[in-house]
Amino acid sequence: MSLSVKEIISLAEKQLADSGVENAGGDAKSLYCYMTAISESKMILEYQNVLQDLLCDRYFELIDRRSSGEPLQYIVGNVSFMGYKFNVTPDVLIPRQDTESVVESALAAIKASGAEKGDILDLCCGSGAIGISLAGLLPGSSVTCSDISEKALAVARSNAELNEVNKKVSFSQGDMFAPFTGKFKKRKFDCIVSNPPYIPSDKVLTLQREITEHEPLLALDGGEDGLDFYRCIAEHAPEHLRKKAVLVLEIGDDQADEVGRLLAGKGFENINVHRDLAGRNRCVTGRLPAR
């Protein structure tokens, strides 16, 4: 018996819900739109159509992947962030909406310091979502995206091209500040922004299965207390920042005090905590003194 698209999507929604997918209805519709290359606004026009058997099989292959815990963003291959489109693969963390508040905080800090045309480093860049967004929003800036993973940088390069900022974004591969530390000179920036790994090691495997089974754990594990990368950044960032330059760090919502203390201990001033739209602590900003 043939089923309408509306009935098929209803079956898919039930399968996803039974598998524990939180947004079962939305994901069922998004996967149909992805398969048929139509917008969700036009989907209602499809509801009474009968889906061909081959397309129906293809659709439920996608639903099975999502039911198994594979993130929607990896299945469709992209995600929207700050109004831009970003390619994502299992080599990079999926950019979250919460991180948009980090970009907004960085924009405010950069403009307050008068560095709209300055040099920005996106440290531990992953997909490049933060740095590439800043490159698009600050036309006069120059952005460097850096990551230890060459595979992640390949994704970031594709995103710079996708968002047409590849001429103003460069890429460096290496561990933390190693690519910017020469024998006689250290490269300096007007802003360093980073979303480093910050999950305590013993909590990484307690995260949702979509994360633990599919996203790169290297980009999550922040050491025993989750603060290893913040210690490294607090220690070495002053050597790579110009006077009055700003540092912007995404944090776990319970890490604001510890990260603030780390920055204050290394001479940063004007240390502030910024919240995301849900009201959770999301990033810490600090500024080097003028002297």
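Report relative contact order for the stretch 201-287 in percent, whole number only (criteria: Cα-Cα under 8 Å, sequence separation at least 6).
25 percent
To the nearest 10 Å², what's Arg261's accessible area with a 1.4 Å probe?
The value for Arg261 is about 140 Å².
Springs between alpha-carbon atoms under 10 Å, Gaussian network over the chain: tell me which of Glu235, Glu70, Glu46 tops the mean-square fluctuations.
Looking only at Glu235, Glu70, Glu46, the biggest GNM fluctuation is shown by Glu46.
What number, rounded to the nearest 500 deg cm²/dmol, is the helix-based mean residue ellipticity at 222 nm of the chain, given -39500 (n - 2.57) per DSSP H run of at least four residues and division by all its residues?
The helix contribution divided over the chain gives -11000 deg cm²/dmol.
How many Å³ per residue does the convex hull of the Cα positions in the stretch 143-195 occupy?
Once divided by residue count, the hull of the stretch 143-195 is 88 Å³.
Based on Cα coordinates alone, diagonalise the gyration tensor for the stretch 195-291, multiply each eigenvalue by 5, take square roots, and list the semi-axes in whole Å, largest first.
Square roots of five times the eigenvalues give 27, 14, 11 Å.
If you roll a 1.4 angstrom probe over the protein chains with everything in place, what fraction of the accessible area of the stretch 6-161 belongs to carbon and sulfur, to the nearest %?
Solvent-exposed carbon and sulfur of the stretch 6-161 make up 49 percent of the total.
Could you give me the radius of gyration and the Dmax of the stretch 6-150, taking only the C-alpha atoms into account and expressing both in angstrom?
For the stretch 6-150, the Cα radius of gyration and maximum Cα-Cα distance read 19.1, 59 Å.
Over all pairs of distinct alpha carbons, what does the Kirkwood formula give as the hydrodynamic radius of the stretch 67-208, in Å?
By the Kirkwood definition, the hydrodynamic radius is 15.7 Å.
When the convex hull of the Cα atoms of the stretch 63-148 is projected onto a plane and the area is averaged over all directions, what value comes out in nm²?
5.9 nm²
Ratio of alpha-carbon Rg to the 2.2 N^0.38 Å globular estimate for the stretch 160-251, to two decimals, please.
So the stretch 160-251 has a normalised radius of gyration of 1.28.
Whole-Hz Karplus ³J(HN,Hα) for the stretch 197-214, in order, using 6.51 cos²θ - 1.76 cosθ + 1.60 and θ = phi - 60°, x for Gly and Pro?
x, 9, 8, x, 3, 6, 9, 4, 7, 9, 6, 4, 4, 4, 7, 5, 9, 9
Below 8 Å between Cα atoms, with a sequence gap of 6+, how large is the relative contact order for the chain in percent?
After rounding, I find 15 percent.
So what J values fall out for the stretch 11-26 if you push phi through Karplus, 6.51 cos²θ - 1.76 cosθ + 1.60 with θ = phi - 60°, rounded to Hz, Gly and Pro as x?
Running phi through 6.51 cos²θ - 1.76 cosθ + 1.60 with θ = phi - 60° gives 5, 5, 4, 5, 4, 5, 4, 5, 8, x, 6, 5, 9, 4, x, x Hz.
For Arg275, which sequence-distant residues (separation of 5 or more, or a different chain) have an amide H within less than 5 Å of its own amide H, given hydrogens modelled in the peptide plane?
For Arg275, whose amide H was placed from the backbone, the distant partners under 5 Å are Arg282.
How large is the Kirkwood hydrodynamic radius of the chain, counting all unique pairs of alpha carbons, in Å?
20.4 Å
Have a look at the DSSP beta bridges in the chain and tell me what percent are antiparallel, nearest 5.
So the antiparallel bridges in the chain amount to around 45 percent.
Let me check against my output: what whole-number percent is the relative contact order of the stretch 1-72, with C-alpha pairs under 8 Å and at least 6 apart?
Once normalised by length, the contact order is 45 percent.
Heavy-atom accessible area of Thr99 with all protein chains present, probe 1.4 Å, nearest 10 Å²?
Near enough 10 Å² of accessible area.
Name the long-range amide H neighbours of Ser170: under 5 Å, sequence gap of 5 or more, or other chain; modelled H, no Pro or chain starts.
Long-range HN contacts for Ser170: Val143, Thr144, Cys145.
In the chain, which cysteines lack any other cysteine Cβ under 4.7 Å from their own?
Those would be Cys33, Cys56, Cys124, Cys191, Cys232, Cys283, since no other cysteine Cβ in the chain comes under 4.7 Å of theirs.
Taking a quarter of the surface of the convex hull around the Cα atoms of the stretch 129-285, what do you get in nm²?
Mean projected area of the Cα convex hull: 10.3 nm².
The values are calculated or read from the model by the stated rules, or taken from the named source; none is laboratory data. Just so it is clear, the model here is predicted, and its values are computed rather than measured. Quick reminder, even Gly has a Cβ in these numbers, built from the backbone with ideal geometry, and neighbours come from all protein chains shown. Ligands, DNA and RNA are excluded from the accessible area calculation, which covers all protein heavy atoms including side chains. Shrake-Rupley method; radii C 1.70, N 1.55, O 1.52, S 1.80 Å.
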